[in-house]
């Protein structure tokens, strides 16, 4: 019975090849589009789901206006003074971390690289977020001035297979010397926080 159905179907398809090809192509495009949309939505809805403390992390943003009567605006940034004041004022705040991303020129072995994802963060960064270190001590990687962590792909870009920990990079217009204290996994694609370098916030304040 099933064999006969296949034969009849094949004969119908073969009878009008153009019409059959259009139908099959349309069905293929439709199914492929649905699968791609489903994958995209799944990725978008999974943002920051890897964060173990995600339900307890809040992002502080700023609402401001330029004078009385002017329309208020919001920005996903705030003053660097907010974090320490919040922790002192509100006992519910267990920990805080300040972050700031800039574009920096990085020099290594007389080669210059314009890096757009150079981020500064407090030493508490790895205690709040679930980014994993490959090399380095979780408690000390960002505790000293002018220390920097590289992502795995950045470490490979600069040092190939060499161990970068303990080596130095010149960063910024004043060519400050930064010591590499660790290497971490690349930021997940479904993370709001993305960077290639993570340096101690102590330098930028």
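Axis angle, to the nearest 10 degrees, between helix 17-45 and the longest C-alpha principal axis of the chain: 20 degrees. Relative protection proxy for 64-75, 116-127, 93-104, from highest mean packing down: 116-127, 93-104, 64-75 (other beta-carbon atoms within 10 angstrom).
Can you tell me how much longer the chain between residue 40 and residue 189 gets when fully stretched, taken as 0.36 nm per residue apart minus their C-alpha distance, in nm with one decimal?
Here the answer is 52.4 nm.
Compared with the dominant principal axis of the Cα atoms in the chain, helix 2-15 is inclined by about 90°. Helix content alone sets the calculated 222 nm mean residue ellipticity of the chain: runs of n ≥ 4 DSSP H residues at -39500 (n - 2.57) each, divided across all residues, give -9500 deg cm²/dmol. For volume of the Cα convex hull per residue in Å³, computed directly from the structure shown, the correct entry in [x] 128; [y] 282; [z] 193 is [y]. So what's the gap between the Cα centers of the stretch 25-104 and the stretch 128-200, to the nearest angstrom? Cα centroid of the stretch 25-104 versus Cα centroid of the stretch 128-200: 22 Å apart. Annotation: extensible slack from residue 71 through residue 49 equals 4.5 nm (criterion: 0.36 nm per residue apart, minus Cα-Cα distance). Each listed q (0.14, 0.15, 0.20, 0.25 Å⁻¹) maps to a log10 I(q)/I(0) for the stretch 37-111 from the Debye sum over equal C-alpha point scatterers, namely -0.81, -0.88, -1.03, -1.17. Spin-label model, residue 114/residue 134: points 7 Å from Cα along the beta carbon direction are separated by 2.7 nm.
Exposure proxy ranking for 79, 20, based on other Cβ atoms within 10 angstrom of each Cβ and starting from the fewest, stands as 79, 20.
All of the numbers you see were taken from the coordinates with simple rules; none came from a lab. Bear in mind that the values here come from a model prediction, so they are computed numbers and not experimental data. Here the Cβ is made from the backbone with ideal geometry for all residues, glycine too, and neighbour counts use every protein chain on show.
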